[in-house]
Amino acid sequence: MSRIGKKPIAIPAGVEVKLNGTEMTVKGPKGELKADLRPEMEIVIENGEINVKRPNDDQLNRSLHGLTRTLISNMVIGVTDGFKKELEVNGVGYRVQKQGKNLVMNLGYSHQVIMEEPAGITIEVPAPNKIIVSGADKQAVGQIAAQIREKRPPEPYKGKGIKYVDEYIRRKEGKAAKGAKK
């Protein structure tokens, strides 16, 4: 039995969960999320809890059990608390700013890199070297944060570029001077 899959998901106050066949809709204070779940899994909503059950112990059903439960749990957490990713910009002259709905980044290129804020995602710039991506959909927040990081990934010599706040960059030693002894 899946240890994650058999845990019930508590529905907090102010959250409305509807199941229509395989489509689940979760409404809460931070928005509304929809997901089309696999028909193999049996989802039961009762007594303020959501339980996910699998029909048998086939390999596919075992792998879908925990996944389905986690997807539903992420939807409930997303509409109540939301998700956020923090990025840090390192480098001389590298800076970011918000202009309306656009994120404008100066990343050492001959031009500014401009990204538009997608629907359902909020991009904040509290400092010229910090970006906070937040929203209700965990997958969308991670995807947008990855797309921002992709514009100038951190390099291993000086650590310049855009990195996640909790990311560690393995540093490399630079080229040694000719004739220098260690």
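The values are calculated or read from the model by the stated rules, or taken from the named source; none is laboratory data. Fair warning: this is a prediction, and the values are worked out from it, not measured in the lab. Don't worry about glycine lacking a Cβ; one is built from the backbone with ideal geometry, like all the others, and counts go over all protein chains shown. Side chains are part of the model used for accessible areas, which takes the heavy atoms of the whole protein and leaves out ligands, DNA and RNA. Shrake-Rupley method; radii C 1.70, N 1.55, O 1.52, S 1.80 Å.
Looking at this model, which pairs from LYS53/LYS84; LYS18/LYS163; LYS18/LYS85; LYS27/LYS84 are more than 26 angstrom apart at the alpha-carbon? Before the final figure, lay out the partial values.
Working: LYS53/LYS84 30 Å; LYS18/LYS163 38 Å; LYS18/LYS85 28 Å; LYS27/LYS84 19 Å.
The answer is LYS53/LYS84; LYS18/LYS163; LYS18/LYS85.
Testing the spin-label approximation: label points 7 Å from Cα along Cα→Cβ at ALA35 and GLN139. State their distance in nm.
Between ALA35 and GLN139, the label points sit 0.9 nm apart.
For the chain, report the accessible area per residue in Å² (1.4 Å probe, heavy atoms, rounded to an integer).
Per residue, the chain has 63 Å² of solvent-accessible surface.
In region 1-62, what trypsin sites (Lys or Arg not before Pro) fall in a loop by DSSP, with at most 15 other Cβ atoms inside 10 Å?
Taking region 1-62 and a limit of 15 other Cβ atoms within 10 Å, the loop trypsin sites (Lys or Arg not before Pro) found are ARG3, LYS6.
Rounded to the nearest angstrom and ordered from largest down, what semi-axes does the equivalent ellipsoid of region 138-179 get from its C-alpha gyration tensor (root of 5λ)? Write down the numbers at each step before the final one.
Values: eigenvalues 178, 18, 6 Å².
Equivalent ellipsoid semi-axes, largest first: 30, 10, 5 Å.
Please sort by residue number the trypsin sites (Lys or Arg not before Pro) in region 97-139 whose DSSP state is loop and whose Cβ has at most 13 other Cβ atoms within 10 Å.
Of the trypsin sites (Lys or Arg not before Pro), the ones in loops of region 97-139 whose Cβ has at most 13 other Cβ atoms within 10 Å are LYS101.
Any idea what diffusion coefficient region 1-65 gets from Stokes-Einstein, in µm²/s, Kirkwood Rh on alpha carbon pairs, 37 °C, 0.692 mPa s?
This corresponds to a translational diffusion coefficient of 258 µm²/s.
For region 60-182, report the convex hull volume of the alpha-carbon atoms normalised per residue, in Å³, without decimals.
Values: hull volume 21.4 nm³, N = 123.
It is 174 Å³ per residue.
Exposed loop chymotrypsin sites (Phe, Trp or Tyr not before Pro) only (DSSP loop, at most 16 other Cβ atoms within 10 Å): please give the longest stretch of the chain free of them, not including the sites.
Longest gap between qualifying sites, sites excluded: 1-108.
Assuming R0 = 22 Å, can you tell me the calculated FRET efficiency for the pair ARG3 and LYS53, based on Cβ-Cβ distance, to the nearest 0.05? Show your work: numbers first, answer last.
Working: r = 14 Å, r/R0 = 0.65.
Efficiency, rounded to the nearest 0.05: 0.95.
Reachable aspartates and glutamates from LYS160, Cα under 14 Å, same-chain residues fewer than 8 places away excluded?
Output for LYS160: GLU88, GLU150.
Using θ = phi - 60° and the Karplus form 6.51 cos²θ - 1.76 cosθ + 1.60, what ³J(HN,Hα) does each residue of region 124-135 get, whole Hz, x for Gly and Pro?
These are the phi-based 3J(HN,Hα) values: 10, 10, x, 9, x, 10, 9, 10, 10, 9, 9, x Hz.
Report the far tail of the P(r) of region 103-166, meaning the percent of Cα-Cα pairs longer than 13 Å. Can you show the working numbers first?
Values: 1315 of 2016 pairs.
Taking all Cα-Cα pairs of region 103-166, the fraction more than 13 Å apart is 65 percent.
Across region 71-79, in residue order, what do the Karplus-derived ³J(HN,Hα) couplings come to in whole Hz, using 6.51 cos²θ - 1.76 cosθ + 1.60 with θ = phi - 60° and x for Gly and Pro?
Result, rounded to whole Hz: 4, 5, 4, 5, 5, 5, 5, x, 7.
Using only the Cα atoms of region 17-109, what are the Rg and Dmax in Å?
According to the Cα coordinates of region 17-109, Rg and Dmax are 19.7, 58 Å.
Could you tell me which of the pairs LYS34/LYS151; LYS7/LYS34; LYS34/LYS130 are separated by over 25 angstrom between their Cα atoms in the structure shown?
Long pairs (Cα-Cα over 25 Å): LYS34/LYS151; LYS34/LYS130.
Distance between Cα centroids, region 119-182 to region 1-77: provide it in whole Å.
The distance from the Cα centre of region 119-182 to that of region 1-77 comes to 33 Å.
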